[in-house]
Each structure stands twice: as C-alpha cells, then as structure tokens.
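**Q** Sharing a structure with you now.
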Amino acid sequence: MKFSQTLPFALALLQPTTALVGHSWSVSDVTDDGIREITFPINIANAPHEVGFYFAQQFTFAGQSDVGYTGLQPQVDSSAGSVVHAAFSSFVPGSTTTDENCSDGADGGAGVSCYVNINGTYANTYHLNVKNSEGTTWVGTLIDAVTGAETHIGSYTLPDTTRGIEGSQLGFVEYFLGTKECGDLPKTAVTFGNPIVEGHTGSIEVPYEYGDCVEKSAFETHSVESGQEVSVGF
C-alpha cells in the first residue's frame, strides 16, 4: 500500500488490501534540503506470528513527489524460532538498485522493493534506520534496540534531483493478505515510536481509523512513552 497525503486512501495494489489505521509523524526544524538519516522504532511484541499485517512508516524525499517506506511484517515461526520480516522500498520513478536484497518495482508500479527476514524475538523494539550513504543512494537497516544487532535490509539510488527526507509524512497498519472481513481480523497490536533524528524532536500524532473497517475492527489507540500504541482485531 502507498498511503498518500493528497489522496489519503489511494492504493497501489497487487492484491486486495484491508486498510485499517493511519497516523502522521513529524520531525522539528527540518530545512528544505531535508534530513540525511532517520530512525523509526516499531515494536510488535503483541502481534500474531502469522503473515498478513504490515506496520509501516512512509517518508518523502525532497525533490520528489512519491514516497519511500519501511516497516515490519510478522511471519510464521520457522524451526529456528520467530521470524521478523523488514521491508524498505521506494515508489520514486527512476529508482535503481544493484542490491541482492532488492528488486525493481513497488506494489506493481515504479520503484524498488527490498526486504530481509531474520530470526528474532518479537519482544524487542526494532529500529528501522534510513540513511543516505552517498549522493542519492539510501540504505535501510534493521537494528535490534535491545541487543544492538544490525541487519542490512537493502539500498537504492534515486534520481539526481533528489535531496533529503522531508520532515513529515504518514504511517499505517494494513492487512494485505487479500480483502479481510472486518470481524475476522486477527487481534494484533503495534507500538510506533517517535521518529529519531539527531538534533531534532520527532513525534507521532494520535492514530485514527480509515478504510472499510472504521468502527468494525475493535480499534484502540493509547499514548505511551515516546510513541503511540495501536490495536485492532478479535
């Protein structure tokens, strides 16, 4: 899903998706040239170990109208334990990659999609770091905030007109495994931590329902230390 600020519920889809929750995030005092690094904390301790939910944060690059995103998708446990899937993608036309974790295209359109699976506990908060490495090349990294372990998600290069990441965008919770009846949604919870940028203050506004399951998904949200918790499902 691509969650647009100008068309709030626009979808670029490969298959039907149940859109559920959105929120706005922002970082203080960002210049027109944007920022060169940002970290999005996400905790999925109370998410089911099954495929279907996507917990994501979007970001816009100055000089471009399309977005990138990064986030977590729970998975079925493997023989080695619980599996965490981390995604890092670009919807910007002209995006290129030579990264073995990435492929051309995003949700059936222009861009690049990157992902990695790790065996990791759901109890720990994960930091999804997006950083400019050089020129217009950006790298996504998954960091276990408890152990400090870092895993490369992917990298892509954007058109020459691209500058840094702008100071606000949106995030979302969706169920992407085909259209789901609202009353059949598995119960899940996620905590979105305030974005982290050195020398700036990040914040997340109160999440809200949108899409076809408004007032039908057992949606709840609570402010927690340094972020917002969201739950849906039964």
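The values are calculated or read from the model by the stated rules, or taken from the named source; none is laboratory data. On a predicted model such as this, the values are computed, not experimentally measured, just so you know. With ideal geometry, Cβ positions are generated from the backbone for all residues, glycine too; neighbour counts draw on all protein chains shown. Only protein heavy atoms, including side chains, enter the accessible area calculation; ligands, DNA and RNA are left aside. Shrake-Rupley method; radii C 1.70, N 1.55, O 1.52, S 1.80 Å.
**Q** Sorting check: for 197-209, 63-75, which peptide has the highest mean count of neighbouring beta carbons within 10 Å, and how do the rest follow?
**A** Averaged packing, sorted descending, gives the order 63-75, 197-209.
**Q** To continue, here is another question. Rounded to a whole number, what % of the accessible area of the range 18-232 do carbon and sulfur atoms account for, probe 1.4 Å?
**A** Whole-percent figure for carbon plus sulfur exposure: 45.
**Q** If you don't mind, another one. Give, in nm to one decimal, the length gained when the segment between E205 and E229 is fully stretched (0.36 nm per residue of separation minus the Cα-Cα distance).
**A** 7.5 nm
**Q** With point charges of +1 on the Cβ of Lys and Arg and -1 on the Cβ of Asp and Glu, referenced to the Cα centre of the chain, which listed residue (F59, T161, G171) lies farthest in the positive direction of the dipole?
**A** The residue sitting farthest along the positive end of the dipole is G171.
**Q** Right, something else. How many nm separate the modelled label positions at E37 and E134, each set 7 Å beyond the Cα in the direction of the Cβ?
**A** Modelled inter-label distance: 1.7 nm.
**Q** To the nearest 20 Debye, how big is the dipole of the chain about its Cα centre, given +1 on the beta carbon of each Lys and Arg and -1 on that of each Asp and Glu?
**A** Roughly 180 debye, rounded to the nearest 20.
**Q** Roughly how many Å² is the accessible area per residue of the chain, as a whole number, for a 1.4 Å probe?
**A** Per residue, the chain has an accessible area of 43 Å².
**Q** Pull out the extension gain between A218 and E181, defined as 0.36 nm times the separation in residues minus the alpha carbon to alpha carbon distance; nm, one decimal.
**A** Difference between extended and current length: 12.1 nm.
**Q** While we're here: Between A45 and S103, what is the label-to-label distance in nm when each label sits 7 Å out along the Cα-to-Cβ direction?
**A** Label-label distance for A45 and S103, simple model: 3.5 nm.
**Q** Using alpha-carbon positions, what is the distance between the centroids of the range 91-123 and the range 137-174, in Å?
**A** Their Cα centres are 11 Å away from one another.
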